[in-house]
Amino acid sequence: MNIFLQIFLLGIAIIVSGYLFFHSAGILLSPGTQQNANNSVCFGSNCFSVDLAKTAAEREKGLMYVKEMPANKGMLFIFDNVDIYPFWMKNTLIALDMLWIDSNYKVVFIGQNIQPCRSFICPVTNPNVPAKYVLEINGNSAKNLGIKVGDTAVLNIQ
């Protein structure tokens, strides 16, 4: 391989590595999610204590790098507008159920037991249904608790 091609490829590798490093550092150093022990999402008697992801930075970080989560915990993503919100599992280490909830607090879609992404390009879970909230809980929790599309969520958030 000629020297110019080697230098060019090395330059590209350095640029890509720098981008990935600074992008990852930005996510890891971004403000944490809003935590309050009183925030919860309930389906009948089944309640999840939730951390809130309200800002773009909080939503981007989500549950990235979380190694385990108690059975009664979760994260509630709160969006400013009702829209279609696809999710992916980049840098997520645990399997999750994702429940899309509309502005009337009805579950409109459930992504069940979505597995962590272990590749560079991750598949996207797209409900193709408008929602205002997305609740992430441990994988298979919705099925095990009998939570289904059409159920009403009770949001106790501050």
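The values are calculated or read from the model by the stated rules, or taken from the named source; none is laboratory data. Everything numeric here is computed off the predicted structure, so don't read it as measured data. Because the Cβ atoms are built from the backbone with ideal geometry, glycine has one as well, and the counts that use them run over all protein chains shown.
Brief remarks on what is shown
- Residue satisfying all of: in region 84-107; buried (at least 18 other Cβ atoms within 10 Å of the Cβ) and part of a strand (DSSP E or B); farthest from the chain's Cα centre (by Cα) among these: Val107
- Considering only residues in region 113-148 that are more than 17 Å from Asp83 (Cα to Cα) and among the hydroxyl-bearing types (Ser, Thr, Tyr), the one that is modelled with the highest pLDDT turns out to be Ser141.
- Residues in region 129-145 include at least one that is in a loop (DSSP other than H, G, I, E, B), surrounded by 19 or more Cβ atoms within 10 Å (Cβ to Cβ), in contact (Cβ under 8 Å) with a residue 12 or more places away in the chain and touching an Asp or Glu at 6+ places or on another chain (Cβ under 7 Å).
For every residue, the table says whether it meets (1) touching a Ser or Thr at 6+ places or on another chain (Cβ under 8 Å); (2) outside any helix (DSSP H, G or I); (3) at pLDDT 50 or above; (4) outside the structural domain of Ala131 (by TED's automatic domain parsing).
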{"position": "Phe4", "(1), (2), (3), (4)": "no, no, yes, yes"}
{"position": "Ile12", "(1), (2), (3), (4)": "no, no, yes, yes"}
{"position": "Ala25", "(1), (2), (3), (4)": "no, no, no, yes"}
{"position": "Leu52", "(1), (2), (3), (4)": "yes, yes, yes, no"}
{"position": "Arg59", "(1), (2), (3), (4)": "no, no, yes, no"}
{"position": "Ala71", "(1), (2), (3), (4)": "yes, yes, yes, no"}
{"position": "Ile78", "(1), (2), (3), (4)": "no, yes, yes, no"}
{"position": "Asn81", "(1), (2), (3), (4)": "no, yes, yes, no"}
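- Restricting attention to region 47-63, the residues that are surrounded by fewer than 16 Cβ atoms within 10 Å (Cβ to Cβ) and either within 10 Å of the chain's Cα centre (by Cα) or of a type outside the set (D, E, K, R) (or both) add up to 5.
- Scoring Phe43 on the criteria (1) more than 12 Å from Glu136 (Cα to Cα); (2) touching a Cys at 6+ places or on another chain (Cβ under 7 Å) leaves a single failure, condition (2).
- Near pairs, Cβ below 7 angstrom, 6+ apart or cross-chain, from region 84-98 (closer than 18 Å to Lys73 by Cα and assigned by TED's automatic domain parsing to the domain that holds Ala131) to any residue that is of a type in the set (Phe, Trp, Tyr) and surrounded by 15 or more Cβ atoms within 10 Å (Cβ to Cβ): Met98/Phe87
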